[in-house]
Amino acid sequence: MAFETDAIIVGGGAVGLATGRAFARRGHETIVLEAEAKIGQGISSRNSEVIHGGLYYPTGSLKARLCVAGRMMLYAFLEHHHLPHEKCGKLVVATEPHEIERLDAILDQANTNQVGGMRRLSGAEARALEPELRVEAALLSGESGVMDAHAYMDALAGEIAGHGGAIAVNTPFAGATPLKGGGFVVRTGGEHATEVTTRYLVIAAGLGAQAAAGQVETFPAAAIPPLHYGKGVYFTLSGKAPFSRLVYPLPIPGALGTHYRRDLGGQARFGPDLAFVETEDYTVDPERAEAFYKTARRFWPGLPDGALMPDYAGIRPKLHGPGEPHPDFRIDGADRHGVAGLITLFGIESPGLTASLAIGETVAERLTA
């Protein structure tokens, strides 16, 4: 049968837009559905805007492979479009002698993941780069950096339009019905509710991915993983930024830990922490600053009292709860859920922004090969 469009992507964040770009560049007529009035209003606008090297992720995992490949693609994309970014490098620091063994294990994993640009530093070498650090030893990830996520998403939207695709904002996904012989009828809500037939359907809805998958008729409930809200808050530093590079402590269970970054405008920030919550709440409790002071002073003893100000919060779409193993990305096709022509993306948290272009290419290749 003739379809009204080739591909519909549910979700107008970084991953959904990168996926839409991948389809559009292949010559497929593509529509990205976004429930909000603007693109990138969900988790893509509430992160650290860090370009990750790919150090920590398990060998052969989607996170390891797509982070490394996506980072290379991302730098090329940012340079091609002259978008704001800085390959500033990252220091992963051991602040106590007993942490050095874990630091060396991270270096081994980074080399296994073929991250590139890694250097092991003594405490003195790390302090030569960042004199205010308290550090016993460190890893320097030369490929890590920071970016402007909004400028990146605007450029993705421009490429989608330039290849004949469209982005429909204020257009929530309201469900889909698989058609005999392939394809879908997709229903949208909002002021201009309608139905559109498409050959391919991709759910890239971040925190809304589980709910969207549940709106696809015949999609098995057992194939929808539990969603856990992993809230992280950020605090800004009043005063001059103390470090030019990213500074990360050793990872904590379920996250990379509260880290330091200087953004492209020179503002220093600390965050995110991790707290599992039950609702989508973006308030920042000023009392959380106490824990931030404690964490930051482990590697920056010179942090003055009263220098941290509440900033913003983000919520990560985690597939694990407190104390549970940290799972991989879920990029699920018909081999997992049984619905031909559909790919669902679950648990696309960090390093999803870095990996977004590689995720998009993976999805498009799997559906159109």
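Here are the numbers for the structure shown:
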{"quantity": "Long-range neighbours under 9 Å by Cβ, at least six apart or interchain, first residue without any contact (Cβ under 8 Å) to a residue 40 or more places away in the chain within the stretch 196-217, second surrounded by 23 or more Cβ atoms within 10 Å (Cβ to Cβ) and small (Gly, Ala, Ser)", "calculated": "211/205"}
{"quantity": "Whichever residue in the stretch 13-37 is closer than 22 Å to residue 232 by Cβ and not aliphatic (A, V, I, L, M) and, among such residues, is surrounded by the fewest Cβ atoms within 10 Å (Cβ to Cβ)", "calculated": "36"}
{"quantity": "Residue check for residue 181: assigned to a loop (DSSP other than H, G, I, E, B), small (Gly, Ala, Ser) and closer than 30 Å to residue 6 by Cβ", "calculated": "yes"}
{"quantity": "Those residues of the stretch 147-172 which are assigned to a helix (DSSP H, G or I) and touching a strand residue (DSSP E or B) at 6+ places or on another chain (Cβ under 7 Å), in sequence order", "calculated": "157, 160"}
{"quantity": "Exclusive hit being crowded, with 17+ Cβ neighbours inside 10 Å, modelled with pLDDT of 95 or more and not in a strand (DSSP E or B), set 226, 327, 242, 317", "calculated": "242"}
{"quantity": "Near pairs, Cβ below 7 angstrom, 6+ apart or cross-chain, from the stretch 284-300 (in a helix (DSSP H, G or I)) to any residue that is at pLDDT below 95 and not small (Gly, Ala, Ser)", "calculated": "288/273; 291/273; 292/258; 295/249; 295/258; 298/249; 299/249"}
{"quantity": "Test: residue in the stretch 46-55 that is open to solvent by 40 Å² or more (accessible area, probe 1.4 Å), under 18 Å from the mean Cα position of the chain (by Cα) and in contact (Cβ under 8 Å) with a residue 12 or more places away in the chain", "calculated": "yes"}
{"quantity": "Residue count for the stretch 189-202, restricted to those that are more than 19 Å from residue 28 (Cβ to Cβ) and not in a loop (DSSP other than H, G, I, E, B)", "calculated": "2"}
{"quantity": "Only one of 161, 151 that is over 30 Å from residue 242 (Cα atoms), modelled with pLDDT of 95 or more, open to solvent by 10 Å² or more (accessible area, probe 1.4 Å) and not polar (S, T, N, Q)", "calculated": "161"}
{"quantity": "Hits in the stretch 285-315 (condition: farther than 29 Å from residue 96 by Cβ and β-branched (Val, Ile, Thr))", "calculated": "315"}
{"quantity": "Identity of the residue in the stretch 344-368, more than 18 Å from the chain's Cα centre (by Cα) and either among the hydrophobic types (A, V, I, L, M, F, W, C) or within 18 Å of residue 64 (Cβ to Cβ) (or both), that ends up most open to solvent (accessible area, probe 1.4 Å)", "calculated": "367"}
{"quantity": "Residue match in the stretch 76-89 (condition: at pLDDT 95 or above, open to solvent by less than 20 Å² (accessible area, probe 1.4 Å) and in a loop (DSSP other than H, G, I, E, B))", "calculated": "yes"}
{"quantity": "Filtered residues of the stretch 116-137 (kept if out of contact with any strand residue (DSSP E or B) (no Cβ under 8 Å at 6 or more places or on another chain) and assigned to a helix (DSSP H, G or I))", "calculated": "124, 127, 128"}
{"quantity": "Residue in the stretch 248-261 that is assigned to a loop (DSSP other than H, G, I, E, B), modelled with pLDDT of 95 or more and touching a strand residue (DSSP E or B) at 6+ places or on another chain (Cβ under 8 Å) present", "calculated": "no"}
{"quantity": "Residue in the stretch 326-369 that is nearest to residue 197 (Cα to Cα), counting only those that are acidic (Asp, Glu) and out of contact with any strand residue (DSSP E or B) (no Cβ under 7 Å at 6 or more places or on another chain)", "calculated": "365"}
{"quantity": "Matching residues, the stretch 1-12, being surrounded by fewer than 24 Cβ atoms within 10 Å (Cβ to Cβ), part of a loop (DSSP other than H, G, I, E, B), modelled with pLDDT of 95 or more and out of contact with any Lys or Arg (no Cβ under 6 Å at 6 or more places or on another chain)", "calculated": "4"}
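This table checks each residue for (1) touching a residue at least 24 places away in the same chain (Cβ under 8 Å); (2) open to solvent by 60 Å² or more (accessible area, probe 1.4 Å); (3) over 18 Å from residue 260 (Cα atoms); (4) part of a helix (DSSP H, G or I).
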{"residue": "69", "(1), (2), (3), (4)": "yes, no, yes, yes"}
{"residue": "109", "(1), (2), (3), (4)": "yes, no, yes, yes"}
{"residue": "114", "(1), (2), (3), (4)": "yes, yes, yes, no"}
{"residue": "139", "(1), (2), (3), (4)": "yes, no, no, no"}
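The values are calculated or read from the model by the stated rules, or taken from the named source; none is laboratory data. Small disclaimer: the values here were computed from a predicted structure and weren't measured. Don't worry about glycine lacking a Cβ; one is built from the backbone with ideal geometry, like all the others, and counts go over all protein chains shown. Heads up: the accessible areas ignore ligands, DNA and RNA and are worked out on the full protein's heavy atoms, side chains in. Shrake-Rupley method; radii C 1.70, N 1.55, O 1.52, S 1.80 Å.
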